[in-house]
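Reviewing the structure listed below.
The values are calculated or read from the model by the stated rules, or taken from the named source; none is laboratory data. Every value quoted in this text rests on a predicted model; they were computed, and no experiment measured them. FYI the Cβ positions are ideal-geometry reconstructions off the backbone, even for glycines, and counts take in every protein chain you see. Keep in mind that these areas ignore ligands, DNA and RNA; they rest on the heavy atoms of the full protein, side chains included. Shrake-Rupley method; radii C 1.70, N 1.55, O 1.52, S 1.80 Å.
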Amino acid sequence: MIKAAAKADREYTANAKAFTSDPAKVAAVAKWSGSKPEDVPATMGLYVFPSLQQQASNAWLGGGAAGGAAKALTETAKFLKEQGRVQDLAKDYSTSVTADYVNKAMK
C-alpha cells in the first residue's frame, strides 16, 4: 500500500496539471474524497506529498521523540488537555510513531 501511494504521489508531483486534467483521475479522486469533480484540481493543488525519504526523515516519522510526527502528537495532546478534551498525557508519543513501514517500502 505504501509503495502504491508513493508511486501515485510521485506521478502527481511530477505532472500535477496532467493529473488533474485527466477526467478519469479527477473522477476517482472525487469519488474517493466525496468532493465535486470540479473542485478536485484546486483542492489537489493545496496538498504536498512528501517522498518516502522525506517521510522517513526526522521531520516526519523518524527521530523518535524529537521527530516531527511525535512532536505534533505531543503538542496536540497538550492542547487537548488545556481544552479539557483529554485528562492525561502520555509520557512519550513517539511510541505511536514509526518509520518502519516507510523504510521497508524503500527497499
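Please get the size of the charge dipole for the chain, origin at its Cα centre, with Cβ charges of +1 on Lys and Arg and -1 on Asp and Glu, quoted in debye to the nearest 20.
200
To the nearest 10 degrees, how steep is helix 2-14 against the longest Cα principal axis of the chain, on a 0 to 90 scale?
60
Got the relative contact order for the chain handy, in percent, Cα pairs under 8 Å and 6 or more residues apart?
With pairs under 8 Å counted, the relative contact order is 24 percent.
Helix 23-33 against the longest principal axis of the chain: what's the angle in degrees, Cα atoms only, rounded to the nearest 10?
The angle comes out at about 30 degrees.
Working from Cα positions, state the angle (0 to 90°, nearest 10) between the long axis of helix 68-82 and the longest principal axis of the chain.
Value to nearest ten degrees: 60.
Give me the accessible area of Lys78, 1.4 Å probe, in Å² rounded to the nearest 10.
Approximately 90 Å² of Lys78 is accessible to the 1.4 Å probe.
Counting only helical runs of four or more DSSP H residues, what would the 222 nm mean residue ellipticity of the chain come to if each run contributes -39,500 (n - 2.57) and the total is spread over all its residues?
The helix-only estimate for the chain comes to -16000 deg cm²/dmol at 222 nm.
Relative contact order for the stretch 37-86: what is it in percent, counting Cα pairs under 8 Å that are at least 6 residues apart?
Reported as a whole number, the value is 15 percent.
Taking the chain, how many lysine pairs are there with alpha carbons less than 15 Å apart, if each pair must be eight or more places apart or span two chains?
Summing the qualifying lysine pairs gives 10.
Would you mind giving the three semi-axes, in whole Å and largest first, of the ellipsoid equivalent to the chain according to its Cα gyration tensor?
32, 20, 10
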